[in-house]
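Participant: Quick one: the structure is below, questions incoming.
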Amino acid sequence: MQDFRTLASSDWPVHRLRGGGGLVAEVRATGGLARLNAGSLALSSEVASPLAAGGPRLWLRKTGEEAAVPLLGPGAEPTLAASDEAIRWSGDAGGFGYAVELRLDADAARWFWLVRVEADTPQDEAEVELLLLAGIGLADEGTLRNNEKYVSHYVDHAVLEHGRVGLVQLCRQALKQSTGFPQVLAGCVPSCVGVATDAVAAMGTRAKVATPDAGVRQWPEGANVCQHEAAAAVLRSCPLRVAPGRPGEATFFFELCPDHPQASSGEDLSRVDAIERAAAGARQKSRQKSADRRSGTPVLAAVRGFAAAPLAGDPASGEDLAAWFGPRDDWREIEELHGELASFFCGEATHVATRGKEARLRRGHGHLLRTGEGLMPGAELATATVFQRGAFGSHLTLGNTVFGRWSGVVRDELNLDPSTGLRIAVEDEGAPGGWRVLGVATAFATTPGTASWWYRFGPDVLRVWVAAAAEGPLLAYAAEWLAGEPRRLRVSLQVSPGPAENAAAVEVGVLDDGFAARPAGGSPLDAQGPAPGLLLRFAEGSAQTLGGDELLTGEERVGHPWLVAVLAAEAATAWTIELCNNLAETVDVSDEPADPDAFWLGLAARAGFDAGPDPRTRRLSEALPWLVHNAVIHLSTPVGLEQFTGGAWGTRDVCQGPVELLAGLGRHDVVAEILKIVFANQRRAGGGGVAAGGWPQWFMLPPYQDTRAGDAHGDVVVWPLKALADHLRAAGHAALLEEKVAWVDDDAASTLREHAEAAVGNIDAHRIPGTALMAYGHGDWNDALQPAEPWMAERMVSAWTNALLFETLLGLAVGCGDPAWKGRLEARADALAADFHRLLTPPGPDGEAEVMGVGIFDEAGESVEPLLHPAAVRSVVRHGLIAINRGILSGLLAGDAAARHLALLREHLLAPDGARLMDRPPAYRGGVSETFQRAESAAFFGREVGLMYTHSHLRYAEVLANVGRDAAGAEAGAGGVLAELLKVNPVGIADSVSHALPRQANAYFSSSDAAFAHREEADEHYAKVMAGEVPVEGGWRVYSSGPGIFVRLIVQELVGVAVAGSGEAAVLGLDPRLPADLAGPVELDLAARGLPVRVVVDPAVPAGTPPTAGGEPLAGAQRAGAGWALPVAALGGATEVVVGCGVAGGSGSPG
């Protein structure tokens, strides 16, 4: 076979229409909508693959019946015809003939889907209904493709009643775009009787295991507003009477308003009259040019042969699972849902999820595989994202996870487009085209370094396995028929080099055993190596046929970017995907490759955590390898299962999760490396939207170091100083301050001390005039509270940021080793503390000082209006979590003040699923922001806006540990640390949070989202959240600084073992926060950190008992707060130290 070249997406064949308002519509040969734009605005959230049916979706059913037939989209088989005025789909389905036309208005930004249905015979005369599902984008193209889920969070849906056309849907984008705040008005003529606003909610998660023509779960009646992550217009027509010669007609209409500054309202209905007239005109043109409904070209064969019906495995049986994963007695953390086995853990670190559980989850099971054995980012690290729903390798990346992409991203939760990335089809003579693409697996098993899919199809069992190589950027695959007759497999890989999906052409060299692909022409990948490329190689003799898209369509090759191999029907076969920065230098993998899990499990073992017999601590131990994995992904290859646009270090993020992970594991050497990189990205002079001495919100590493944010939140400049101060104290590494690094805008190197002083100078330059307080800038840690107006940045103030700064200044003073500098830092901290108490802690209702979350100074800078405080006027929020958390952790709120604020927190902010950011949601006004962006503009009640953000809850657990160490606050903090950590542990979540909805058990979730349909419902019923009466679902997964924080909290705060300094000068801190009702001892082995000692926390030892070795008290142990400081030199050769639990009370049921 000859080499070939694929086409860039701009060269793919499409049918194109143009209309008023800059409208452009493009439809692929599959019949799917490739593009619907108005200038820079992408109006549709969907981009149809050239090899799958795509959207929109249209179904027909007889009134009163549940069964529906598809007219457009997956499962439909129309013919396609196009002219300059319209694109037409036509065909027969369910005893009816139909035609659908897409027409664009020539005079305005309006488009119409005109549907005509006619009964084939008198016996088919009936009353029918239509249902259209069209994804809603409403964002600039680049913004939308970065992450459709995120954009959907800000699309406000309103459903109103119109006198003639029935229900009308208004979709307004609250994130400002290039045109302003675009809005779409949608409906149906003659009338619309039902509307739904979220595609996944409408179709139901069980669509993953059904055929794509199954339609929606329940046709909407009336208004069904759901603000989630798949914004759509789901419109149900009124009943239409159809008979031979008497067709029924309906027109689904859409109109764009490019900028709609106000919230959607009844005033928008005044536009319907003009839309109706335009729709009537479009219908008249359609009738005049009507063609035979069977005219046109059949949609590309790929729709039927490639993407029409993904094949799910049969439901899992106990016998199969025992045969595949060992006897049930060896399983751990077994989860059952409605009497069916859902998931479990087994082996050293294997998680298994069943088809039954997957079918219930909106966020389906996924995993991030990463090659290599390094902790830090590098050009040789490859990643692959895999999902249980038959996505065997999507979002393939090498080095930078944005610029180093080699394959597309799975954006579809329901597997309606199973063409992205690596896909496998099995030969099936009865299927259209002779192949069935694999869908949801019977069982999906993951370890940190591998994934496997187990499929049962009646008597046949197929296992597909992938491992991320430790030796280099290579993914090793194997497929094995474990039962039944082997069948041929078809492996297809979408190849898309660079940040813009499918934008680059690819040169494909055909090898004896596979393919070598490289970008055609210049590519951003060229920055990472001299000859970037991808190698797809198959086991010798296994590939019967190699080719391109012709093997998927059965037609002539067009040049779509798919590499395809048909593999012989063998009992076992294998292949590899290798990503290269230089095709001349490939990975050398021996016949016995390294264990793909060894690096990950070895890193988790550095924690030395032995959970003992108690089920609660054992759940933490089960989660530990996954938390470590997630944290290292966040550090080395920033990407998540939902947040697939990463590639950068967030300045604030990298100084928290990764630094805390490594501190908890004793890798102070890597922390120092991170700090030097962070300080090398500091600006010496102002520029690029960042003031002198500051950092951007995020930045990329070489070779993409010029890609960085153009601004930063006010707190960002503090975090590198905080991480530096913590490192100086923990590692005893004051000499680091004299090491030199350059600046991002100046190659002349300066000492880290000079860098730190420049950062302090930046902070001083951004004080509220007349005070020692830092100004708010573009926000604080809570991204939902970004100021709505530019003037607010200089006059607003965050108590959290200033408490963080106070803590940082004192920490830097302790670790700097310079008396003069120490004095200046302490004096600055004292001034800050005085103004914090004077200005940011006004009286609460009881007359006692209560910290405000945020305040706004008057123009003179003399008085401050409280927000997030009982005295607030312009905000409905009375209490905020993070100001209390950091106020206590910093020591600004101490003694009685700490106890009082902790009581307020528990009364107003602590819910059964965790500590919430505010006592109630900020006011929502249809997405219009008055004080805060996001919090007031997001329509989706989730992530930070949903108020239970896991990161901030972890800080609450840290508060409990620290309050418990203060003798005056021991009772207030007693016993709660373990219980609070378990609330956000994905393992066994239902045992800690009874109203938690099922979720993936081996991935960190960044939020706990109350299952409200929309913001109005959340506002009205928020008290039910606080009472635990509303189900909660897990939020976005993996990508967060939370996993690293979680690991450190387990080691240093819960077990209470911290090592300060190194070698013989090291001091062992022993201050457990474990409850005394543990079922047995918990141990922490420090051997991996160079200390041959094991700490045993024994609940049988009374709290406060001095640590012992060999049953004798250790003479060198000294009281340190409520715990003990033990110089390593005083161990006297002891290898086991026993200490009691630091908490006398319990921490929830041990069961």
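Participant: Report the relative contact order of the stretch 8-291, percent, no decimals, based on alpha-carbon pairs under 8 angstrom and at least 6 residues apart.
Facilitator: Value for the stretch 8-291: 19 percent.
Participant: Give, as a single signed number, the net charge of other residues whose beta carbon lies under 10 Å from the beta carbon of Ala935, with Lys and Arg counted +1 and Asp and Glu -1.
Facilitator: My count for the surroundings of Ala935 gives -2.
Participant: Under unit Cβ charges (Lys, Arg +1; Asp, Glu -1), what dipole magnitude, rounded to 20 debye, does the chain have relative to its Cα centre?
Facilitator: Numbers: 95 positive and 141 negative charges, 315 e Å.
Result for the chain is approximately 1520 debye, rounded to the nearest 20.
Participant: As a footprinting exposure proxy, order Ser270, Ser890 by other Cβ within 10 Å, with the fewest listed first.
Facilitator: Least to most surrounded, the residues fall as Ser270, Ser890.
Participant: Towards the positive end of the charge dipole of the stretch 382-470, with charges on Cβ (+1 Lys, Arg; -1 Asp, Glu), say which of Thr447, Val461, Val437 has the farthest Cα.
Facilitator: Of the listed residues, the answer is Thr447.
Participant: Treating the angle as unsigned and between 0 and 90°, give the value, to the nearest 10°, between the Cα long axis of helix 819-839 and the longest Cα principal axis of the chain.
Facilitator: Its long axis makes an angle of about 60 degrees.
Participant: What distance in nm separates the two pseudo spin-label positions at Glu480 and Ile334, each 7 Å out from Cα along the beta-carbon direction?
Facilitator: So the label points at Glu480 and Ile334 sit 2.5 nm apart.
Participant: Among Tyr776, His629, Gln262, pick out the residue whose Cα is farthest towards the positive end of the charge dipole of the chain, where Lys and Arg carry +1 and Asp and Glu carry -1 on C-beta, about the Cα centre.
Facilitator: Value: Gln262.
Participant: How would Cys192, Cys257 line up from fewest to most surrounding beta-carbon atoms within 10 angstrom? Can you show the working numbers first?
Facilitator: Details: Cys192 28, Cys257 20.
Least crowded to most crowded, the residues run Cys257, Cys192.
Participant: Cut-off is 10 Å between beta-carbons; in what order do Arg838, Arg436, Arg360 appear when sorted fewest neighbours first?
Facilitator: Ranking Arg838, Arg436, Arg360 by Cβ neighbours within 10 Å, fewest first, gives Arg838, Arg360, Arg436.
Participant: If contacts are Cα pairs under 8 angstrom and at least 6 residues apart, what is the relative contact order of the chain in percent? Can you show the working numbers first?
Facilitator: Details: 2960 pairs, mean separation 98.6, N = 1151.
In percent, rounded to a whole number, it is 9.
Participant: So what is the relative contact order for the stretch 1054-1140, in percent, with contacts set as C-alpha pairs under 8 Å and at least six apart?
Facilitator: Averaging sequence separation for qualifying contacts and normalising by length gives 32 percent for the stretch 1054-1140.
Participant: Rounded to the nearest 500, what is the chain's calculated 222 nm mean residue ellipticity when only DSSP H runs of at least 4 contribute -39500 (n - 2.57) each, over all residues?
Facilitator: -6000 deg cm²/dmol
Participant: Could you give the size of the charge dipole of the stretch 1054-1140 about its Cα centre, using +1 on the Cβ of each K and R and -1 on the Cβ of each D and E, expressed in debye and rounded to the nearest 20?
Facilitator: Using only the charged Cβ atoms, the result is roughly 200 debye.
Participant: Oh, and also: Just to be sure I understand, if you calculate semi-axes √(5λ) of the Cα gyration tensor in Å for this structure, which of [x] 51, 35, 28; [y] 69, 35, 28; [z] 47, 39, 29 do you get?
Facilitator: [x]
Participant: Further, regarding this structure: What's the ranking of 1102-1110, 422-430, 74-82 by average number of surrounding C-beta atoms within 10 Å, highest first?
Facilitator: Sorting 1102-1110, 422-430, 74-82 by mean packing, highest first, produces 74-82, 422-430, 1102-1110.
Participant: Next question. Could you point to the residue in Gly554, Gly602, Leu579 farthest towards the positive end of the stretch 543-686's charge dipole, with +1 and -1 charges on the Cβ of Lys/Arg and Asp/Glu respectively?
Facilitator: Gly602
Participant: Full extension from Arg206 to Thr121: what is 0.36 nm times the residue separation minus their Cα-Cα distance, to one decimal in nm?
Facilitator: Full extension of this stretch gives 27.1 nm more.
Participant: Also, quick follow-up: Return, in residue-number order, each cysteine of the chain whose C-beta is not under 4.7 Å from any other cysteine's C-beta.
Facilitator: So, Cys171, Cys226, Cys238, Cys257, Cys346, Cys580, Cys655, Cys816, Cys1141.
Participant: Using DSSP to call loops (not H, G, I, E or B), can you name the GluC sites (Glu not before Pro) in the stretch 511-558 whose Cβ has at most 13 other Cβ atoms within 10 angstrom?
Facilitator: Sparse-neighbourhood loop GluC sites (Glu not before Pro): Glu540, Glu555, Glu556.
Laboratory data are not the source of any read-out in this text; all were calculated from the coordinates shown. In this text the structure is predicted, and so the values were computed from the model without any measurement. No Cβ is skipped: glycine too gets one built from the backbone with ideal geometry, and neighbour counts run over all protein chains shown.
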